[in-house]
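Below you'll find the structure, written out as structure tokens, and then a few comments.
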Amino acid sequence: MGSNMYIDLYHVSLYVCVCAVGLTGTKYGCGGGGCGACTVMVSRYDPVEESIHHCAVTACLQPICSLYGAAVVTVEGIGSTRTKLHPVQERIAMAHGSQCGFCTPGMVMSMYTLLRNKPKPSMEDIREALAGNLCRCTGYRPIIDGFKTFCNKEQCCQNGEQRQISEELFRVEDFIPLDPTQDLIFPPELILMGKKPDGGQLCFQSERVKWISPALLTDLIQLKAQYTDFPMLVGNATLGAFQSNLKAHSAISFLVTFILSLSLSLSLSLSPLSAGVREVCLNEEFFTGFGKTALRPDEILLAIDIPHSKPWEFISAFRQAQRREFAFSIVNAGMKVVFRDESAVVESLDLYYGGVGPSLVKARNTCKELSGRLWDESLLAEGIRLLKEEISLSPAAPGGRVEYRKSLILSFFFKFYMQMLLELRQRVRVFNFPSHLAVTDVPPENLSALTQYRSELPQGHHTFQVNDQSSTDPVGRPRMHQAAFQQATGEAQYYDDIPAVKGELFLSMVTSTRAHVICVGQIIGAIVAENRELAKRASCLVTVTYEDVLPVFFTIQEAIEHQSFFEPKRKLERGNVEEGFEQSDHILEGELYMGGQEHFYMETQGLIAVPGEEAGEMELYVATQHAAYTQEVVGLTLGVDSNKITCHVKRLGGGFGGKVMKIASLSAITATAAYRTGRAVRCVLERGDDMLITSGRHPFLGKYKVGYMDDGTILAADITYYSNGGCTLDESSFIMEKALLHMDNGYKIPHLRGRGFVCRTFLPSYTAFRGFGGPQGLTMIESVLHEVAAKCGLPAHQVREMNMYQSEDSYTHHKQLFSPKDMLRCWSECLEKSDYEQRLLAVQQFNSTNRWRKRGMSIVPMKFGIGFSKGFYNQVGCALVNIYKDGSVLVSHGGTEMGQGINTKAIQVSSICLILILTPVSDSLCVFTSVESLIIIYIYKNRTVNMCLHALLHYSKPCKPVFFLYQVVEAYCQKVSLSATGFFMGPHTGVDWKRSEGTAYYYFTFGACCSEVEIDCLTGDHKNIRTDIVMDVGRSLNPALDIGQVEGGFVQGLGLYTIEELQFSPDGALRTRGPSDYKIPALIDIPRTLNTHLLTNAHNPHAIYSSKGIGEPTVFFGCTIFFAIKEAIAAARRERGLSESFNLSSPATAEKIRLACEDTCTTAAFSVKPEPCKPWAIDI
């Protein structure tokens, strides 16, 4: 970056250029166009229509050379805090739609572009505009709440107050109205340029690359003849996009598969131009291999001929992906059938499939055999048999999911069969065709096979308690995030936004490609170069020689076989488990596997290391959640004292635990490079490298044995937890301890034993993640309750309720005293607010009338410990309060702002103490308790003693605000200290693991969550219909921030339990290294209705203002989606006469859902015995 930026057209994207001129509001999230963080608006003048077209584009993929004649608007161009905010920026901020803020500029620009094209958008317009923008913090709901105000829709979440219960998180009346006349104008010089006759072709050339933009078709044909091996990157409008689909994604493109069924013909120009034009039929022979077609290097696609459909011709298409939008198809299909006139006899049939081979596949033999047959059930059965035999997949096929893909081949054909059957019946009924059509009736329950899920924007209802307080009291009010406006305008600075210093170098990591060091992805070297691109290119040139080391293993099962465990091994036990088993009516054994999860913070890890002027000094501008640990590691690495290392952390673009430990080693390497070269060094991990190196949430395997009575009462449970810790211990032992300490959740099981083993494998070390082992520990016991309910034939919520702690003075399995009162209140209110009983009956009614769609509901309680079970971790450092002579106040603390609103809450709780000082109470001295000004990792409320303020009161009586500045100056003149520090040592916690007892946590946070889902039994797709959450946050310091944390945690949990699937090769290499392979929840994945209620009249004597930590617990609530899916699968299996006990591991992906809904298609997919070979992916 900077004035000496190395220019290489091959890598000069629009993003690089906007950053080069200091427009850092455009963020770099993935480099592949998969997250939307770098969205900008590109505008062009169309001389034919004499209009201006606005388009939202991802700057990281847009070649700068392609933008000749276009105008580019970044987030800085539409508004700023120094001038005036644009309504889009204001509304996303005031609606609390910006937490960490890294995705916010991209969201703003997507919405801004929509408004430029359509000032009064519909809700569907908004959904489409934001489909490509990802957010890892908010859960999307507040973003939509802000943006839907442009639709003039009723604000269902902003309905004012009802006595002491409020539903208003922001006031629509306060918004700036949208005035399109105030938007930026399109540059007039570009309009004039567009109106002029074309000036000929453009040519840009660098050291390695030549970019040519021809103006005329004749120029293009000549260029193709001259440069036959050169790719044509951008075509004209739709034809260019069409040609790109044809050549780039032939095996997986849904568009290509569909158009094959249309029997299109392509007009191709030949080079030279005098050679004329040839026409080719677009069929399976057009695709000669993966990414290859029958197009010759010198040919150009000129036209597409789409024939009119015939009266008895029917076409349909199907696809299934990891999620319904913004994802490549796992399998797709295009199908066409032509019937003989006024009959149900097949004249011709075309079945095309994508994703089942290196190129598109036509089931040629199946189509031939089914032609001439009547469209009835015998044709369906024969078609399934023929397809199973004709289209085969190797167990090692790229992409994996072999059985699933086989079942989709058959499921899509079944859907097509049902669809055509319905079409034929409608023709008989509507057009009164002869009865000799002999078309079979479609049973009403089978119509569900034909319905498609519609993507809808999430709606929500929220309630929180309004406390009786002064209008000047800021605590307990839904205040906007302190930096929301700066984040919405792109002014908020992250570490990579800091301008390059003179002489700055760039560092790129070299990682192991084999696990024979300790893992694939281990950092084994680093390259330092003059700029970012050179460092990346150089690191790819490094060759490494490896020695084979055996054994090498990666999975939990393999670690158990090799007895490869880290120390310490942990155990907790209450009662006598063996005695409990003897007293039980039944014994049940089972297991549950939970996959890991990638943090996918929007801002990747990195830092800038700047050597100081004196020996050993180092300034680090670093994205860390634990600055003290980074400081310590860097000091030890450089051999200097920690006091010479300064860490600057302004804010993080998301963290979730992933920037606690791993960033320290990256910092040490980068600081070493800066120390050795004497120059500043910048390191910014690419998304793929970040995912490979830093790892994420631990995969867990829980094996359980449970004893229970006929009525569902659980007497004894023995659960063994295994986690995949990776190659080093990291924080795995603490995470396992947290899982064991949460294994009881809210249930009083008299005899309970848990054992924990951290497996040592040859994978990158797993690390801290939001929830810190709590979700894994809680999910295992919930699985036990779920299976017991199924075995007893009882509703799961009844079994859960009868086993809950009830006594006011209850003891956990580690003998910590607590009261379950608020947990039981959350449970009761969640049942009531979700209308659970009535909706459960509606679910049962739906399932009875829909064979291929099933619904399920699940409700779970939660008891979540706040703090660390090791007491010394609970000291959260110091805070400093400075009062300046102008009356302003600065509160400094050791916390990290990463979207949770720590600074906002610190300002709120500090302000209330200043308000107390400024309010005249009496002539006597005002005495008040300490103030909270530090909120670390959502947990503790550090209390800074306001010594400076207290001293000021000693100096003078409380005064009116107008005299505050005078009193401050007088205190300064009298040498009264206007600064004070405070330290919060934290509570005494600890666990005696030998005696299985101890006060592990400062207090508990409680909650309950209910979710309803619907699954497609034929594809495994599912739709999240509704979620209701009741959460105990004590007395909320800021309801808007707390509701945002509740919903954001839940949506992250939704991903953990459903779509976020990490895949590893048999050699231990991570295959899912970016948003194209790894899917976090997008806007369409959020429940259609998401209601959040903060428990009223809740108190917490252990924290400031009776508040509670809230950021960690609600990730666990994603399990309600998982268990609701399991209920829906059970309903499908019950209808088919199958056992309702079945294994379903987490995440419950479309693949697992489909294969669990056993039917003819899945049976056929498994009927062929696979040949032994190395699988494409392994379960770790």
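The values are calculated or read from the model by the stated rules, or taken from the named source; none is laboratory data. Nothing here was measured: the structure is a model prediction, and the numbers come from that model. Neighbour counts run over all protein chains shown; Cβ positions are idealised from the backbone, glycine included. Side chains are part of the model used for accessible areas, which takes the heavy atoms of the whole protein and leaves out ligands, DNA and RNA. Shrake-Rupley method; radii C 1.70, N 1.55, O 1.52, S 1.80 Å.
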With a 1.4 angstrom probe the carbon and sulfur portion of accessible area for the chain, in percent, totals 52 percent
Under 17 Å by backbone N from the virtual spin label 7 Å along Cα-to-Cβ at Leu450, the residues of the stretch 297-332 are 312-318
Given a Förster distance of 41 Å, the FRET efficiency implied by the Cβ-Cβ spacing of Lys650 and Lys210, rounded to the nearest 0.05, works out to 0.50
Karplus-derived 3J(HN,Hα) from phi for the stretch 307-320 (6.51 cos²θ - 1.76 cosθ + 1.60, θ = phi - 60°), whole Hz, x at Gly and Pro, runs x, 5, 6, 8, x, 10, 10, 10, 10, 8, 9, 9, 8, 9
With all protein chains in place and a 1.4 Å probe, Glu1158 shows an accessible area in Å² (nearest 10) of 80 Å²
Taking alpha-carbon centroids only, the stretch 671-707 lies from the stretch 1001-1036 a number of Å equal to 29 Å
Between the alpha carbon centres of the stretch 319-341 and the stretch 1107-1178 the gap in Å comes to 22 Å
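Could you provide, to the nearest whole Å², the per residue accessible area of the chain with probe 1.4 Å?
Details: 46330 Å² over 1180 residues.
Here the residues of the chain average 39 Å² of exposed surface.
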Excluding residues fewer than 8 positions from Lys854 in its own chain, the lysines with Cα under 20 Å of it are Lys415, Lys1023, Lys1126, Lys1152
With 0.36 nm assigned to each residue of separation and the Cα-Cα distance removed, Glu829 to Asp711 gains 40.0 nm
Expected field for Ile306, accessible surface area in Å² at 1.4 Å probe radius, rounded to 10, holds 110 Å²
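If I require 30 Å or longer along the helix axis, counting alpha carbons, and a Kyte-Doolittle average no lower than -1.0, what helices from the chain are left? Use full DSSP H segments.
On the way: long enough: 402-431 (43 Å, 0.33).
Result, helices passing both filters: 402-431.
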SASA check, Ser378, accessible area w/ 1.4 Å probe, all protein chains in place, rounded to nearest 10 Å², comes out at 60 Å²
Taking 277-287, 182-192, 134-144 and ranking on average Cβ neighbours within 10 Å, highest first, one gets 134-144, 277-287, 182-192
A chain fully extended from Thr81 to Asp641 at 0.36 nm per residue, minus the present Cα-Cα distance, gains in nm 197.5 nm
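Out of all DSSP beta bridges with both ends in the chain, state the antiparallel percent to the nearest 5.
Values: 138 of 165 bridges.
Around 85 percent of the beta bridges assigned by DSSP in the chain are antiparallel ones.
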Between the modelled labels at Arg1136 and Arg676 (7 Å from Cα along Cα→Cβ) the distance in nm is 5.9 nm
A chain fully extended from Ala842 to Met193 at 0.36 nm per residue, minus the present Cα-Cα distance, gains in nm 227.4 nm
For mean projected area of the Cα convex hull in nm² the list reads (1) 85.9; (2) 50.3; (3) 63.2; the calculated value is entry (2)
Note on the stretch 999-1156: contact order normalised by length, alpha-carbon pairs under 8 Å, 6 or more apart, percent, works out to 37 percent
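Could you sort 1120-1131, 447-458 so that the peptide with the highest average Cβ count within 10 Å comes first and the rest follow in order?
Top to bottom by mean Cβ count within 10 Å: 1120-1131, 447-458.
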By the mean-Cβ-within-10 Å protection proxy, highest first, 611-620, 814-823 rank as 814-823, 611-620
Classified through the alpha carbon gyration tensor (a ≥ b ≥ c as square roots of its eigenvalues; rounded if a/c is under 1.5, else prolate when a/b is larger than b/c, else oblate), the stretch 298-363 comes out oblate
Checked the stretch 678-761 against the a/c 1.5 cut and the a/b vs b/c comparison, axes a ≥ b ≥ c from its Cα gyration tensor; verdict prolate
